[in-house]
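Below is one structure, written out as structure tokens, with a few remarks after it.
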Amino acid sequence: MVWVSRERERIWMFCCPFMWKSGGEDLQGFYPVRPECQSDVPRTRFKSRAGKTLSARRWHAAFTEDGHLDMEKVLRRIQRGGIHPSIKGAVWEFLSGCYDPDSTFDERTKLRDLRREQYGSWKEECKNMVPVVGSGKYITMAVVSENGQPIEDSSVENQGWIVKDAVTDDRVLQWMLSLHQIGLDVARTDRYLSFYENDINQSKLWDVLAIYTWLNLDIGYVQGMNDICSPMIILFEDEADAFWCFERVMRRLRENFRATATSMGVQTQLGVLSQVIKTVDPRLHQHLEDLDGGEYLFAIRMLMVLFRREFSFLDALYLWELMWAMEYNPNMFATYEELENRNNAADDPKLLKRYGKFERKYVNSGNNERHSNTIAVFVVASVLQTKNKRLLKEAKGLDDVVQILGDIAGNLDAKKACKEALKIHEKFLKKANRQ
């Protein structure tokens with residue numbers, strides 16, 4: 001698909017697997033739930049609100065004739081009411097740093113074509129090693145042992161394909177050892193959604209994760225990446241576009257998944273969370289410490305998969321775009337593409353308005369570096385604050401903490417959680433500066 005004009009960019013309205021509907025529609029219809037799973041899914045709170053939610057009309061009106069995007073206007077609308085499902089994919093490409101708002105339609109078309117070609121090349125490379133890649137199937141049983149020897153009885157589970165010769169290349173072996181684990185996770189990912197009743201869609205998810213893992217063996221595959229990737233497979237019709245959006249989102253999350261024999265990267269954020277609660281709610285922190293919960297390991301899942309278990313599918317996407325809008329930095333694209341011409345908000349006060357309200361605080365303080373105290377940490381803190389009384393009164397052990405926090409599924413309001421997160425962040429900065 002070649003997009004060379006503003007009109008063609010509107011095709012995005014139809015690129016979502018579920019068609020555009022008029023105002024007042026049931027938004028859950030964009031992501032239908034299998035009938036037998038209805039009772040097990042958290043209820044959806046998000047509603048498209050006229051004058052607040054970023055609609056298709058408002059989105060297309062934010063572009064100039066040649067394609068420059070008024071990101072300030074878009075961020076303001078997202079932070080007020082989220083993004084309508086019909087245009088999520090298109091907007092996410094800018095929020096995640098896939099594209100520069102200052103680029104033109106023609107420039108983005110060329111870049112999109114180059115990226116699709118690059119993805120196709122990587123996919124072919126992986127397919128040459130493992131023919132199941134791109135076949136519409138996926139692997140769920142180990143194909144090699146840890147010493148690189150083929151596992152002959154894996155053929156039936158792995159679509160009739162087996163490794164014929166011993167694998168001696170360490171990189172290839174590391175990658176092949178992860179493929180069945182990716183497959184096992186894919187089979188469990190968002191199974192309540194009708195979208196994944198189609199095996200082809202599951203295989204797309206497996207392909208994207210397998211290719212991403214091949215390109216990022218320093219991190220490898222870690223459970224939870226499937227939960228981050230799944231929405232991209234649903235939002236983007238073209239697999240390559242889904243890959244690139246996932247790859248950009250992982251730029252901000254990948255360190256959480258980095259693991260060693262003794263630690264996981266997410267522990268850095270858990271350490272920040274501990275400092276935040278200790279500063280803004282010392283009584284709760286002390287109580288958690290007394291329960292041997294001072295390392296906040298019970299919050300790992302929230303940070304690793306960005307609250308996918310605590311919200312319905314649609315509400316989780318709403319929360320993500322609120323957080324990304326609040327953290328938005330107009331230099332993201334240039335940073336990811338390793339370009340030199342980056343804008344400096346300190347030199348141009350008008351540029352500051354193009355930052356998300358959370359990120360703006362760091363720019364104002366002169367701290368432009370990527371920081372581990374992302375808004376997600378403060379959203380977790382806001383969740384703990386909402387359960388403060390129950391945690392202090394009822395939690396006698398870590399199992400109680402986990403159970404109390406488990407009760408929040410389907411009962412959280414994404415926008416309220418973000419608002420409270422900003423308040424806690426403000427309170428944390430003020431108290432931390434006094435110390």
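The table below lists the values:
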{"read-out": "Estimated inter-spin distance, N147 and E338, nm [label 7 Å along Cα→Cβ]", "value": "4.0 nm"}
{"read-out": "R0 of 22 Å, Cβ-Cβ distance R283-D407: FRET efficiency to nearest 0.05", "value": "0.55"}
{"read-out": "Overall form of segment 135-216 per C-alpha gyration tensor (a/c, 1.5; a/b vs b/c)", "value": "prolate"}
{"read-out": "Gain upon complete extension [D292, Q38; 0.36 nm per residue less C-alpha separation]", "value": "87.8 nm"}
{"read-out": "Potential lengthening between R188 and D399 on full extension [0.36 nm per residue; Cα-Cα distance subtracted]", "value": "73.5 nm"}
{"read-out": "Among 251-260, 172-181, the order from most to least packed when residues are scored by Cβ within 10 Å on average", "value": "172-181, 251-260"}
{"read-out": "Point-charge dipole on Cβ atoms (K/R +1, D/E -1) for the chain, about Cα centre, debye to 20", "value": "2440 debye"}
{"read-out": "Neighbourhood net charge (14 Å Cβ-Cβ; Lys/Arg +1, Asp/Glu -1) for F236", "value": "-1"}
{"read-out": "Dipole of the chain, positive end: most advanced residue of Y212, F307, G120 [Cβ charges, Cα centre]", "value": "F307"}
{"read-out": "For the chain, calculated [θ]222 nm from helices alone, where every DSSP H run of n ≥ 4 adds -39500 (n - 2.57)", "value": "-16000 deg cm²/dmol"}
{"read-out": "Residue-level accessible surface for R45, protein heavy atoms, 1.4 Å, Å²", "value": "80 Å²"}
{"read-out": "Amide H partners (placed H, <5 Å) of L54, local residues excluded", "value": "G81, G82, I83, H84"}
{"read-out": "Cα-based Rg and Dmax for segment 232-350, where Dmax is the largest Cα-Cα distance (Å)", "value": "17.9, 51"}
{"read-out": "Nitroxide proxy distance, nm - points 7 Å out along Cα→Cβ at A61 and V172", "value": "5.7 nm"}
{"read-out": "J(HN,Hα) series, segment 183-188, from Karplus relation 6.51 cos²θ - 1.76 cosθ + 1.60, nearest Hz, glycine and proline x", "value": "x, 5, 6, 4, 4, 9"}
{"read-out": "Per residue convex hull volume, Cα atoms of segment 103-157, in Å³", "value": "113 Å³"}
{"read-out": "Karplus-derived HN-Hα couplings along segment 104-111 (A = 6.51, B = -1.76, C = 1.60, θ = phi - 60°), whole Hz, x at Gly and Pro", "value": "9, 4, 5, 5, 5, 4, 4, 5"}
{"read-out": "15 Å Cα-Cα reach of K415 towards aspartates and glutamates, excluding residues that sit fewer than 8 places from it in its own chain", "value": "E310, D315, E321, E327"}
{"read-out": "Electrostatic dipole magnitude of segment 217-352 [Cβ: Lys, Arg +1; Asp, Glu -1; Cα centre; debye, to 20]", "value": "340 debye"}
{"read-out": "Cβ-based charge dipole, the chain, positive-most Cα from T104, Q275, M176", "value": "Q275"}
{"read-out": "Inter-part distance where segment 35-50 and segment 217-275 are each reduced to a Cα centre, Å", "value": "25 Å"}
{"read-out": "Net charge of neighbours whose Cβ lies under 11 Å from the Cβ of L319, counting Lys and Arg as +1 and Asp and Glu as -1", "value": "0"}
{"read-out": "Percent of alpha-carbon pairs separated by more than 23 Å within segment 78-174", "value": "51 percent"}
{"read-out": "Sequence of K415, K350, K278 from largest to smallest accessible area, 1.4 Å probe", "value": "K350, K278, K415"}
{"read-out": "Summed side-chain charge close to E36 - residues other than E36 whose Cβ falls under 12 Å, Lys, Arg +1, Asp, Glu -1", "value": "0"}
{"read-out": "Whole-Hz ³J(HN,Hα) from phi, Karplus 6.51 cos²θ - 1.76 cosθ + 1.60, for segment 55-64, glycine and proline x", "value": "8, 4, 5, 5, 4, 5, 6, 7, 9, 7"}
{"read-out": "Linear extension gain, I200 paired with R309, 0.36 nm per residue minus alpha-carbon span", "value": "36.8 nm"}
{"read-out": "Violating pairs (Cα-Cα greater than 21 angstrom) within the set K357/K430; K396/K427; K357/K427; K73/K431; K73/K361", "value": "K396/K427; K73/K431"}
{"read-out": "Distant alpha-carbon pairs in the chain (separation over 44 angstrom), percent", "value": "12 percent"}
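The values are calculated or read from the model by the stated rules, or taken from the named source; none is laboratory data. What you see is a predicted model, and the numbers here were worked out from it, not measured in a lab. Note that we place each Cβ from the backbone using ideal geometry, even for glycine, and neighbour counts take in every protein chain shown. Accessible surface areas use protein heavy atoms only, side chains included; no ligands, DNA or RNA. Shrake-Rupley method; radii C 1.70, N 1.55, O 1.52, S 1.80 Å.
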